[in-house]
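Have a look at the structure below before the remarks.
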């Protein structure tokens, strides 16, 4: 089984370079960083990860995943580097496509593009995105980035994303592009994976339900099997911790889960 580590790396946690180097030394397959550019001071959207709906303070402290993963890439050689997740509706694909291609070049083709549409309405709308249609925005952004990654002259014309022929370099090392993994357990997530993704990132879900959905994915798209998105891979979420505690957690987790 491939086991990865996800952490909210902050200004007070273990630094991302030390985290990635230790994870690589312990035998972890990947390290994943989330994204929240800002957390509005006043929100009405309940946090889905807690019974009281209160957003944890460290959500406002999380570092930019692409800058942090670039630092990790320069200090490691084998561990895969993923966004878990990138909030696609809060970014413009022209900019994001170049960041991803650059990171994939820097890392030698180790980037994994975990994506989502977000749950925090006030944050999404702050970036000008249509929250009720955020998955439609995400779909267009992903399709536009595929054009940018694979064509010397790329253009896209959609309801939300529109640009004339452009040149965008560098191109990703991975061909045709880094794996695109859709996160979440929304009603239509599996259909979206089949339509424009390469895998699925389930969260807070039992092994039985994960296996059931993997079977549904394979039935829905007989041309490919989503082996990397299900039970053969596991990502452990660690809280933002100080260096000594983080090292101990990594070592303990590796001893228990990695042969």
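If I ask for residues that are outside any helix (DSSP H, G or I) and in contact with a strand residue (DSSP E or B) (Cβ under 9 Å, 6 or more places away or on another chain), which ones from the range 55-66 would you list?
62, 63, 64
Given the structure, is residue 214 touching a strand residue (DSSP E or B) at 6+ places or on another chain (Cβ under 7 Å), in a helix (DSSP H, G or I) and surrounded by 12 or more Cβ atoms within 10 Å (Cβ to Cβ)?
In short, no.
Within the range 67-90, can one find any residue that is assigned to a helix (DSSP H, G or I), over 18 Å from the mean Cα position of the chain (by Cα) and touching a residue at least 60 places away in the same chain (Cβ under 8 Å)? Let's see the steps before the verdict.
Step one: list which residues in the range 67-90 are assigned to a helix (DSSP H, G or I), which gives 67-74, 88-90.
Applying the additional criterion that residues be over 18 Å from the mean Cα position of the chain (by Cα) yields 74.
Filter once more, keeping what is touching a residue at least 60 places away in the same chain (Cβ under 8 Å): none.
No: zero hits.
Name the residues in the range 120-132 that are part of a helix (DSSP H, G or I), loosely packed, with under 15 Cβ neighbours inside 10 Å and in contact (Cβ under 8 Å) with a residue 24 or more places away in the chain, would you?
Result: 126, single match.
Restricting the search to the range 110-119, which residues are under 17 Å from residue 148 (Cα atoms) and surrounded by fewer than 23 Cβ atoms within 10 Å (Cβ to Cβ)?
none
Listed here are the residues, each with its yes/no results for (1) over 21 Å from residue 201 (Cα atoms); (2) buried (at least 19 other Cβ atoms within 10 Å of the Cβ).
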site	(1), (2)
28	no, yes
44	yes, no
47	no, no
53	yes, no
56	yes, no
62	no, yes
65	no, yes
76	yes, yes
81	no, yes
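Yes or no: the range 31-51 includes at least one residue that is outside any loop (DSSP other than H, G, I, E, B) and in contact with a helix residue (DSSP H, G or I) (Cβ under 8 Å, 6 or more places away or on another chain).
The answer is yes, given that some residue of the range 31-51 is outside any loop (DSSP other than H, G, I, E, B) and in contact with a helix residue (DSSP H, G or I) (Cβ under 8 Å, 6 or more places away or on another chain).
Tell me, yes or no, whether the range 43-65 has at least one residue that is free of Cβ contacts under 8 Å to residues at least 60 places away in the same chain and closer than 25 Å to residue 146 by Cβ.
So far as the range 43-65 goes, yes, one or more of its residues are free of Cβ contacts under 8 Å to residues at least 60 places away in the same chain and closer than 25 Å to residue 146 by Cβ.
Specify the residue that is surrounded by the fewest Cβ atoms within 10 Å (Cβ to Cβ); the eligible residues are those in the range 217-259 that are assigned to a loop (DSSP other than H, G, I, E, B), modelled with pLDDT under 75 and touching a strand residue (DSSP E or B) at 6+ places or on another chain (Cβ under 8 Å).
Among residues in the range 217-259 that are assigned to a loop (DSSP other than H, G, I, E, B), modelled with pLDDT under 75 and touching a strand residue (DSSP E or B) at 6+ places or on another chain (Cβ under 8 Å), the one surrounded by the fewest Cβ atoms within 10 Å (Cβ to Cβ) is 232.
Grab the strands (runs of 3 or more DSSP E) fully contained in the range 139-199, keeping just those with 3 or more residues being crowded, with 17+ Cβ neighbours inside 10 Å.
180-183
On the given criteria, is residue 104 over 27 Å from residue 46 (Cα atoms), out of contact with any helix residue (DSSP H, G or I) (no Cβ under 8 Å at 6 or more places or on another chain) and surrounded by 15 or more Cβ atoms within 10 Å (Cβ to Cβ)?
yes
The values are calculated or read from the model by the stated rules, or taken from the named source; none is laboratory data. Since the model is a prediction, treat every value here as computed from it, not as a measurement. Virtual Cβ from ideal backbone geometry, glycine too; neighbours counted across all protein chains shown.
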